[in-house]
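Below is one structure, written out as structure tokens; the observations come after it.
The values are calculated or read from the model by the stated rules, or taken from the named source; none is laboratory data. Values in this document were obtained by computation on a predicted structure and should not be read as measured data. Virtual Cβ from ideal backbone geometry, glycine too; neighbours counted across all protein chains shown. These area figures cover heavy atoms from the full protein model, side chains too; ligands, DNA and RNA do not enter into them. Shrake-Rupley method; radii C 1.70, N 1.55, O 1.52, S 1.80 Å.
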Amino acid sequence: QVQLVESGGGSVQAGGSLRLSCAASGRAFRYTYMGWFRQAPGKEREFVATITWSAYSTYYADFVKGRFTISRDSAKNTVYLQMNNLKPEDTAVYYCAAQVGTTSYSDGKMYNYWGQGTQVTVSS
């Protein structure tokens, strides 16, 4: 009974920054991973970043390493995605997701809960 609500999306010029937030309600500490996926028009959903809940381990897709940073505030049951040096190819709907399994942190099919998504648009 976890609900995820994303916020912070918007439009920005290339090289700019955005900070996405994902607030979880319900039995938030039941999940093992909480992270972000994105889907651009004409492309399949892809893994962006995730963070463990019991520890502070983070994992990133290669195409965002060095630019995006995932973090969490356990007290607020909130995960953040700081996106710097945004590129036009980062344009997509970004989804917050959480899972309770341990099979894979990068496979969207392994995630049990999903937010509604927030649009990120980067102009050149």
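Annotations for the structure displayed:
- When the stretch 1-34 is filtered for residues that are small (Gly, Ala, Ser), within 15 Å of the chain's Cα centre (by Cα) and at pLDDT below 95, the ones remaining, listed by number, are Ala23, Ala24.
- Residue match in the stretch 70-90 (condition: of a type in the set (Gly, Ala, Ser) and within 18 Å of Gly15 (Cα to Cα)): no
- Residue within the stretch 74-91 that is more than 13 Å from Ala24 (Cβ to Cβ), modelled with pLDDT under 95 and either part of a strand (DSSP E or B) or not aliphatic (A, V, I, L, M) (or both) present: no
- Selected residue (only one of Glu44, Glu6 is in a loop (DSSP other than H, G, I, E, B) and either open to solvent by 40 Å² or more (accessible area, probe 1.4 Å) or within 14 Å of Met83 (Cβ to Cβ) (or both)): Glu44
- All positions within the stretch 47-73 that are assigned to a strand (DSSP E or B), among the hydroxyl-bearing types (Ser, Thr, Tyr) and either farther than 17 Å from Tyr105 by Cβ or open to solvent by 10 Å² or more (accessible area, probe 1.4 Å) (or both): Thr52, Thr58, Tyr59, Tyr60, Thr69, Ser71
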